[in-house]
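Accompanying notes for the structure given below.
All of the numbers you see were taken from the coordinates with simple rules; none came from a lab. Source: prediction; values computed, not measured. Using ideal geometry, Cβ is built from the backbone for each residue, glycine included, and neighbour counts are taken over all protein chains shown.
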Amino acid sequence: MNLEDQYDRIFKYLYFHLHDRHMAEDMTQEAFLRFLGSRTYRDENRQLQYLYTIARNLCSQHYRDKTITYSLDEKMDFQETDGFENSLIQKMSLQNALQSLSPEERELLFLRYVNDVPVPVISGLYQISRFAVYRKLKSILKKVRVEMEADQYE
């Protein structure tokens, strides 16, 4: 595993949870320092899983130590295109569908489809079989699809 390749993924993962660029940068550094400083963990096959576990624990610790409020309404950047209205409706529909998911479901989607984390690594993070991960992802995507279709007809 090349650590340089994983830096951006860990940063995106932390930013997804924290919604604060500077805090995510600091925690990414801390995650890698803890990973590199760990003398007890040497399993070559599960380094990525261990790195995500450290990042998740840092987030948990951060939220335990501080109560942070953030807006669930993310800022959306729009570009002028022919289908501006359709694009706007689609983005809003997707945002609503994602907000209807549990934090764990959003995290699963983020890990798999934004950060391209392999399913075996995700299964190790959640301590479930890879088949359970596939089933959960399929179920979550179906929920999002149904929610988006419901928004479309409202």
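For the range 1-43 and the range 86-154, what is the centre-to-centre distance using only Cα atoms, to the nearest Å?
So the two Cα centres are separated by 23 Å.
How would you order 50-59, 138-147 from highest to lowest mean count of nearby Cβ atoms within 10 Å?
Packing order, densest peptide first, comes out as 50-59, 138-147.
Report the residues of the range 23-39 in range of a label on N57: point 7 Å along Cα→C-beta, backbone N strictly under 16 Å from it.
Residues passing the 16 Å test: 27-39.
Expressed as a fraction of 2.2 N^0.38 Å, the rule-of-thumb size for a compact globular protein of N residues, what is the C-alpha radius of gyration of the range 3-65?
So the range 3-65 has a normalised radius of gyration of 1.06.
Could you please report the charge total around V119, scoring K, R as +1 and D, E as -1 over all other residues with beta-carbon less than 12 angstrom from its beta-carbon?
Its environment carries a net charge of +4.
Determine the gain in length on full extension of the stretch R130-E30; use 0.36 nm per residue of separation and subtract their C-alpha separation, reporting nm with one decimal. Could the numbers behind the result be given before it?
Numbers: separation 100, 0.36 × 100 = 36.00 nm, distance 2.87 nm.
Full-extension gain reported as 33.1 nm.
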